[in-house]
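Structure record follows, encoded as structure tokens.
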Amino acid sequence: MREVGCDIKGNINERGEHIYHMPGQEYYSATRVNPARGERWFCSQWEAWWAGWRKAKV
């Protein structure tokens with residue numbers, strides 16, 4: 001479940017890479033978070049990085 005203010009989307013791509021998307025990035029609005037697949041929301045970039053996710057390139 002998404003907490004208020006936690007707008008960073010953690011997505012797992014077809015290759016199994018854990019990638020986070022920041023508001024304003026190109027594919028942010030198209031990215032969906034599916035917790036059943038292990039995807040999640042983050043409250044900060046640091047939190048995402050610490051969990052082992054990398055920032056989307058675009």
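Looking at region 23-33, is at least one residue part of a loop (DSSP other than H, G, I, E, B), β-branched (V, I, T) and modelled with pLDDT of 95 or more?
The answer is yes, given that some residue of region 23-33 is part of a loop (DSSP other than H, G, I, E, B), β-branched (V, I, T) and modelled with pLDDT of 95 or more.
Is it the case that region 5-15 has a residue that's in contact with an Asp or Glu (Cβ under 6 Å, 6 or more places away or on another chain), touching a residue at least 24 places away in the same chain (Cβ under 8 Å), surrounded by 11 or more Cβ atoms within 10 Å (Cβ to Cβ) and small (G, A, S)?
Yes, there is a match, as at least one residue in region 5-15 is in contact with an Asp or Glu (Cβ under 6 Å, 6 or more places away or on another chain), touching a residue at least 24 places away in the same chain (Cβ under 8 Å), surrounded by 11 or more Cβ atoms within 10 Å (Cβ to Cβ) and small (G, A, S).
Please find, within region 27-39, the residue that is nearest to V58 (Cα to Cα) out of those that are of a type in the set (D, E, K, R) and loosely packed, with under 11 Cβ neighbours inside 10 Å. Even if it seems obvious, please write down each step before you answer.
The initial filter retains those residues of region 27-39 that are of a type in the set (D, E, K, R), namely 32, 37, 39.
Going one step further and asking which of them are loosely packed, with under 11 Cβ neighbours inside 10 Å, we end up with 32, 37.
Working: R32: 16, R37: 22 Å.
Among residues in region 27-39 that are of a type in the set (D, E, K, R) and loosely packed, with under 11 Cβ neighbours inside 10 Å, the one nearest to V58 (Cα to Cα) is R32.
Restricting to region 40-58, what's the tally of residues that are buried (at least 16 other Cβ atoms within 10 Å of the Cβ) and in a loop (DSSP other than H, G, I, E, B)?
2
The values are calculated or read from the model by the stated rules, or taken from the named source; none is laboratory data. Keep in mind the model is a prediction, meaning the values are calculated, not measured. So basically every Cβ, Gly included, is an ideal-geometry build from the backbone, and we count neighbours across all protein chains shown.
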